[in-house]
Amino acid sequence: MSVHKEVKKVTTHVLQEMKTKGEKIAMLTGYDFSMAKILDDAGIDIILVGDSASNVMAGHETTLPITLDQMIYHAASVVRAVNRALVVVDLPFGSYQGDSKQALNSSIRIMKESGGHAVKLEGGHEVVDSIKRILTAGIPVMGHLGLTPQSIYKFGTYTVRAKEKDEAARLINDAKLLEEAGCFAIVLEKIPAALAKEVANSIEIPVIGIGAGNEVDGQVLVSHDMLGINNEFNPRFLRKYHNLYTAMLTSFESYIKDVKSGDFPNEKEQY
Ligand code: KIV
């Protein structure tokens with residue numbers, strides 16, 4: 001008799017069922033083995049290996065510098081930790097915008113070399129051909145509309161998107177195009193809550209929000225932000241579940257003090 005408990009893995013079909021049943025989807029970012037193990041043990045539905053790794057792991061100002069090789073390294077570390085969650089991997093800037101063949105080749109590398117379960121890319125009508133081509137290889141695709149950080153130099157700021165009627169109408173149209181192209185879900189970042197609700201109600205696939213209000217099918221945050229590791233990032237949409245910056249700082253300070261004073265290690269902490 002096996003002692004292992006059967007785990008019902010989260011698939012794109014499970015996510016679709018969750019939307020149909022009105023069950024909310026919980027998604028957080030993960031970039032390394034140890035954090036991904038805790039996320040999976042906690043019961044997270046989706047782990048996003050986001051290109052936000054460029055900011056929070058590598059210290060870059062934007063998401064643009066991270067490479068496909070670096071994303072694969074992070075994703076492979078996450079996949080090794082996961083039993084249940086769906087692992088979605090961001091296609092980094094420059095790995096899919098060239099043409100649909102480049103998008104397909106980059107996605108195949110992610111799936112083959114990291115073991116990830118799906119890819120995510122930013123954009124609307126301009127990436128529809130790429131989405132269709134990636135899907136021909138059986139690779140599930142998540143879309144990303146609203147604030148798209150890979151286009152930060154086009155927009156110039158990280159402020160709320162689609163506040164004006166024209167941009168809101170374009171966003172709704174793009175969401176429908178992504179659904180028609182075959183995306184299994186869409187992330188909506190930093191747009192008015194009323195618009196996000198309208199999108200979630202006008203398409204069948206799950207809509208996962210970040211800074212997009214509560215009337216969508218799920219939520220995503222950057223784990224480092226919700227854990228309060230960076231005490232200088234405090235946008236309105238962020239709920240901090242911990243002040244890990246202070247907790248880690250005081251632990252490091254205590255360790256330094258104990259080493260300097262000769263208190264660590266004591267007799268019980270040696271051989
Ligand atoms: O890279 C990332 O972490 C993301 C989320 C903010 C959705 O794309």
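The values are calculated or read from the model by the stated rules, or taken from the named source; none is laboratory data. It should be emphasised that the depicted structure is a prediction, and the values quoted were computed from it without experimental measurement. Protein only, heavy atoms only, side chains kept; ligands, DNA and RNA dropped before computing areas. Shrake-Rupley method; radii C 1.70, N 1.55, O 1.52, S 1.80 Å.
Structure above, values below:
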read-out: Max mean-square fluctuation residue, GNM over the chain, Cα-Cα springs under 10 Å, options Leu188, Leu221, Leu48; value: Leu221
read-out: Per residue Cα convex hull volume in Å³ - calculated over segment 207-271; value: 110
read-out: Intensity falloff of segment 136-242 expressed as log10 I(q)/I(0), Debye formula with alpha-carbon point scatterers, at q = 0.17 Å⁻¹; value: -0.82
read-out: Top of Leu86, Leu64, Leu145 by mean-square fluctuation, Gaussian network on the chain, Cα under 10 Å; value: Leu64
read-out: Accessible surface, 1.4 Å probe, highest first, among residues Phe233, Phe252, Phe184; value: Phe252, Phe233, Phe184
read-out: CD proxy at 222 nm, helix term only [per DSSP H run n ≥ 4: -39500 (n - 2.57); per residue of the chain; nearest 500]; value: -12500 deg cm²/dmol
read-out: Percent carbon-and-sulfur accessible area, segment 3-226, ignoring ligands, DNA and RNA, probe 1.4 Å; value: 53
read-out: Whole-angstrom gap from segment 10-44 to segment 189-246, using each part's C-alpha centre; value: 15
read-out: Relative contact order (%) - the chain, alpha-carbon pairs under 8 angstrom, separation at least six; value: 15
read-out: Per residue value of the accessible surface for the chain (all protein chains in place, 1.4 Å probe), Å²; value: 54
read-out: Kirkwood Rh, Cα atoms: Rg over Rh of the chain; value: 1.02
read-out: Percent of beta bridges antiparallel (DSSP, the chain, rounded to nearest 5); value: 5
